[in-house]
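I have placed the structure first, in the form of structure tokens, so that the comments after it can refer back to it.
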Amino acid sequence: MAEPARRNLIEPPPHRPPAKVAPAVAALPGEERVLRAAEKALNGQTRGFRALLPFLGPAFVAAVAYVDPGNFATNIAGGSQFGYMLLWVVLAANLMAMLVQSMSAKLGIATGLNLAEVCRQRFPRWAVFGLWIQAEVIAMATDLAEFIGAAIGIHLLFPSIPLFIAGVITAFAAFGILSLQSRGFRGFEAVITMLVGVIVAAFAFEVVLARPSIGAVATGLVTPRFDGTESVLLGAGILGATVMPHVIYLHSALTQRRVVGATDAEQRKIFNFEKWDVIIAMGLAGLINIAMLTIAAAALHGHNVMVQNLEQAFHALGHTLDHGADIFFGLGLLASGLSSSSVGTLAGQVVMQGFIHRRIPLFLRRAITMAPALVVIAVGLDPSRSLVLSQVVLSFGIPFALIPLLLFCRDRELMGSLVNKPSTTLVATIVIGVILSLNAFLLFLILTGK
């Protein structure tokens, strides 16, 4: 019997309802190579890591948001003020992130649409408009953290450059990174992964220098507790900086057309590969976040050094750890700001196009969302405090992305064979409940002044 002709993986599967299918696009040369490798993996011609390799990438792009400058601010503040106490929040938030990002990836694979597009199809117009407005506010809060973080990184490494000029440099650098998309998704993913590698190297070096207490780290990871309003505020900030609303939308967009399965079996295989992508990328992001807080606990709190902002942390780490620890911190912060700023702009485009079917030039999009960050820098507000508060804003935006995601992923008619298992839905419901409860408690503390 003759072997059936192999299909082009970039074409939408014929069995999906036309309303749910995004139009096929021509693959660039670099993408063709990845798609051919993915096809071999789905056909069983390659196995092991070689089969996984063409599917790696989307979660690494999403993971950048989990190690953005907001994480630096909240983790450094948490570690310097409360030692190892809030490590359990970091661990819990990253485990939540794995679940959330796997569901987002699954939605894109199963439907050929991203989360914002499914919301537009399934919800009434007033709800779609409300979700879009809050998503834009979240995008601005995200850019606030990313731009300020990158600008601080440039200013710390090159003190002669004013903070405002450093913010403008960040904007142009983000444009340069985003321009790589015109050559295919692989180049953009490679640069983002390289920048994440810089962050990993910087904090691995500082962990060695800090020599944290292994016992204290273990206790902090498994003992849930807070100590007053400020610890709850930082806990919510850590949560907002880790479970990022904008990449819940983005991840589904990164997987919706990357590799398309024509059958239920192929979709399940694609999702199995993407789960490993999520586990590896989010696991790496989790280790970075744990390292950030651990370094602050050992090098700052352990030496009774209290820091209020990233600039103080930069100098304090250089003083307590020496060996260029401050330079490595600045390099990690800069790499974080540049990569997350690019990813944030990409997420903003996904949100706008998905909710209201409008696309605006990247330059205008960048200008609108970076405006609050430049205002904060220009008027002289405390950049690091603004970073922490922006993460609190992000934590309040999480449910507006998570609840629709949960509703869609448990819908068998929409998801087909990739519908959530009852156990997955139960765990996701608990996660959303925890986030809502923490946010409500935080709001109560803020309003009552306790």
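Pairs of Cα atoms under 8 Å, at least six residues apart: use those to get the relative contact order of the chain, whole percent.
Working: 743 pairs, mean separation 151.6, N = 450.
Reported relative contact order: 34 percent.
Calculate, for Ser179 and Glu136, the FRET efficiency according to 1/(1 + (r/R0)^6) with r their C-beta to C-beta distance and R0 22 Å; round to the nearest 0.05. Please report the intermediate quantities before stating the final value.
On the way: r = 23 Å, r/R0 = 1.07.
E between Ser179 and Glu136, to the nearest 0.05, is 0.40.
Report the full-extension gain for the segment Phe123 to Arg358: residue separation times 0.36 nm, less the Cα-Cα distance, to one decimal in nm. Can you show the working numbers first?
Details: separation 235, 0.36 × 235 = 84.60 nm, distance 1.78 nm.
Roughly 82.8 nm would be gained on extension.
Could you tell me which helices of the chain pass both thresholds, a Cα extent of 24 Å or more along their own axis and a mean Kyte-Doolittle hydropathy of at least -0.5, with helices taken as whole DSSP H runs? Walk me through the numbers before you get to the answer.
Values: long enough: 87-111 (36 Å, 1.45); 125-157 (48 Å, 1.24); 185-210 (37 Å, 1.96); 264-299 (51 Å, 0.76); 325-356 (46 Å, 1.21); 362-379 (25 Å, 1.87); 383-409 (38 Å, 1.65); 422-448 (39 Å, 2.09).
Length and hydropathy pass: 87-111, 125-157, 185-210, 264-299, 325-356, 362-379, 383-409, 422-448.
Quick one: how many lysine pairs does the chain have with C-alpha atoms less than 27 Å apart and a gap of 8 or more or different chains? Give me the count, please.
Lysine pair count for the chain: 13.
Ranked highest first by the average count of other Cβ atoms within 10 Å around their residues, in what order do 221-227, 128-134, 392-398 fall?
Values: 221-227: 13.1, 128-134: 16.0, 392-398: 23.6.
Ranking the peptides 221-227, 128-134, 392-398 by packing returns 392-398, 128-134, 221-227.
Using the beta-carbon distance between His323 and Val375 and R0 = 41 Å, what value does 1/(1 + (r/R0)^6) give for FRET efficiency, to the nearest 0.05?
Details: r = 37 Å, r/R0 = 0.91.
Efficiency at R0 = 41 Å is approximately 0.65.
Explain nothing, just the number: dipole magnitude of the stretch 96-203 about its Cα centre with +1 on each Lys and Arg Cβ and -1 on each Asp and Glu Cβ, in debye rounded to the nearest 20. Spell out each step's value before the answer.
On the way: 6 positive and 5 negative charges, 74 e Å.
Approximately 360 debye in magnitude.
Considering only Met244, Met415, Met282, give the residue with the highest GNM mean-square fluctuation for the chain, with springs between Cα atoms whenever their separation is below 10 Å.
Per the Cα network of the chain with a 10 Å cutoff, Met415 tops the list.
Let me make sure I get this right: for the stretch 161-296, a, b and c are the square roots of the gyration tensor eigenvalues over alpha carbons, sorted descending. Under 1.5 in a/c it's rounded, otherwise prolate if a/b > b/c, else oblate. Which is it? Walk me through the numbers before you get to the answer.
On the way: a/c = 1.94, a/b = 1.31, b/c = 1.48.
Judged from the Cα gyration tensor, the stretch 161-296 comes out oblate (a/c at least 1.5, b/c at or above a/b).
Could you work out how much longer the chain between Asn304 and Ala201 gets when fully extended? Use 0.36 nm per residue separation minus the Cα distance between them, nm to one decimal.
Numbers: separation 103, 0.36 × 103 = 37.08 nm, distance 2.62 nm.
Computed gain between Asn304 and Ala201 is 34.5 nm.
How far apart, in nm, are the 7 Å Cα→Cβ label points at Val168 and Leu426?
Distance between label points: 5.8 nm.
In terms of modelled amide H atoms, which long-range or inter-chain residues lie less than 5 Å from the amide H of Asp411?
Excluding prolines and chain starts, which carry no amide H, the hits are Asn420.
Of Cys409, Ala59, Phe147, which is farthest on the positive side of the dipole of the chain, counting Cα position, with +1 on Lys and Arg Cβ, -1 on Asp and Glu Cβ, and the Cα centre as origin?
Cys409
Once both labels are modelled 7 Å past Cα along the beta-carbon direction, what's the Arg225-Ala367 spacing in nm?
The two pseudo-label positions are separated by 5.3 nm.
So how do 49-61, 158-170 stack up, highest first, on mean other-Cβ count within 10 Å?
Values: 49-61: 20.2, 158-170: 16.1.
Packing proxy ranking, top to bottom: 49-61, 158-170.
Taking the Cα centre of the stretch 61-448 as the origin, how large is its charge dipole in debye, to the nearest 20, when only Lys and Arg (+1) and Asp and Glu (-1) carry charge on their Cβ atoms?
1140 debye
Relative to the present Cα-Cα distance, how much length would full extension add between Phe158 and Gln45 at 0.36 nm per residue of separation? Walk me through the numbers on the way to the answer.
Values: separation 113, 0.36 × 113 = 40.68 nm, distance 5.08 nm.
The Phe158-Gln45 span can extend by a further 35.6 nm.
Going by average Cβ neighbours within 10 Å, how do the peptides 329-339, 315-325 rank, with the highest at the top?
Working: 329-339: 26.4, 315-325: 17.7.
Order by mean packing, descending: 329-339, 315-325.
Quote the FRET efficiency, to the nearest 0.05, computed for Gln312 versus Ala265 with a Förster distance R0 of 60 Å and r equal to the Cβ-Cβ distance.
Details: r = 55 Å, r/R0 = 0.92.
So, using R0 = 60 Å, E works out to roughly 0.60.
Return the calculated 222 nm mean residue ellipticity for the chain, to the nearest 500 deg cm²/dmol, obtained by summing -39500 (n - 2.57) across DSSP H runs with n ≥ 4 and dividing by the residue count. Don't jump to the answer; show the numbers that get you there.
Numbers: 19 runs with 338 residues, N = 450.
My calculation for the chain gives -25500 deg cm²/dmol from helical runs alone.
Of Gly176, Gly112, Gly149, which is the most mobile in a GNM of the chain whose springs link Cα atoms less than 10 angstrom apart?
Comparing Gly176, Gly112, Gly149 in the GNM, the peak value goes to Gly176.
Only the coordinates and a few stated rules stand behind these numbers; no lab work does. Owing to the predicted nature of the structure, the values given are computational and were not obtained by experimental measurement. Ideal geometry is used to build each Cβ from the backbone, glycine not excepted, and the neighbour counts take in all protein chains shown.
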